[in-house]
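Structure, as structure tokens:
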Amino acid sequence: MAVPKRKTSPSRRGMRRAHDALPMATYVEDKESGELRRPHHVDLKTGMYRGKQILKPQDE
């Protein structure tokens, strides 16, 4: 069974984990309403997706 010869230092361990952070969520400005929404998702306020009415608009 393979066993490490030396303890991994906190610095080296941290460098290995440098790419593990989650990226920030992407948002785009909606062409119709001008509000921010996730790309490839239905705009929940208007109910529109790719220019088509998918859901009923939310009443405020």
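Quick note: the coordinates plus some simple rules give every number you see, no bench work behind them. The model shown is predicted, which means the values in this text are computed figures rather than measured ones. Note: ideal-geometry Cβ built from the backbone for every residue, glycine included; neighbour counts use all protein chains shown.
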Cβ neighbours within 10 Å, averaged per peptide: list 26-37, 1-12 in order, most packed at the top. 26-37, 1-12
I need the phi-derived Karplus couplings for region 42-57: 6.51 cos²θ - 1.76 cosθ + 1.60, θ = phi - 60°, integer Hz, Gly and Pro marked x. 6, 6, 5, 6, 9, x, 9, 9, 6, x, 10, 7, 9, 10, 6, x
Residue by residue through region 34-41, the couplings from Karplus 6.51 cos²θ - 1.76 cosθ + 1.60 with θ = phi - 60°, in Hz, x for Gly and Pro, are x, 8, 7, 8, 6, x, 6, 10
Which value, to two decimals, describes the C-alpha radius of gyration of the chain once divided by 2.2 N^0.38 Å? 2.16
Only counting other Cβ atoms within 10 Å, I'd like Met24, Met48, Met15 sorted with the fewest neighbours first. Met24, Met15, Met48
Cα to Cα, under 24 Å, and not fewer than 8 places away if on the same chain: which lysines meet these conditions relative to Lys52? Lys31
Of the candidates Thr26, Val42, Pro10, the farthest towards the positive dipole end of the chain (Lys/Arg Cβ +1, Asp/Glu Cβ -1, centred on the Cα centre) is Pro10
What ³J(HN,Hα) values, in whole Hz, does the Karplus curve 6.51 cos²θ - 1.76 cosθ + 1.60 give for region 11-17 when θ = phi - 60°, with x put for Gly and Pro? 5, 5, 4, x, 5, 5, 8
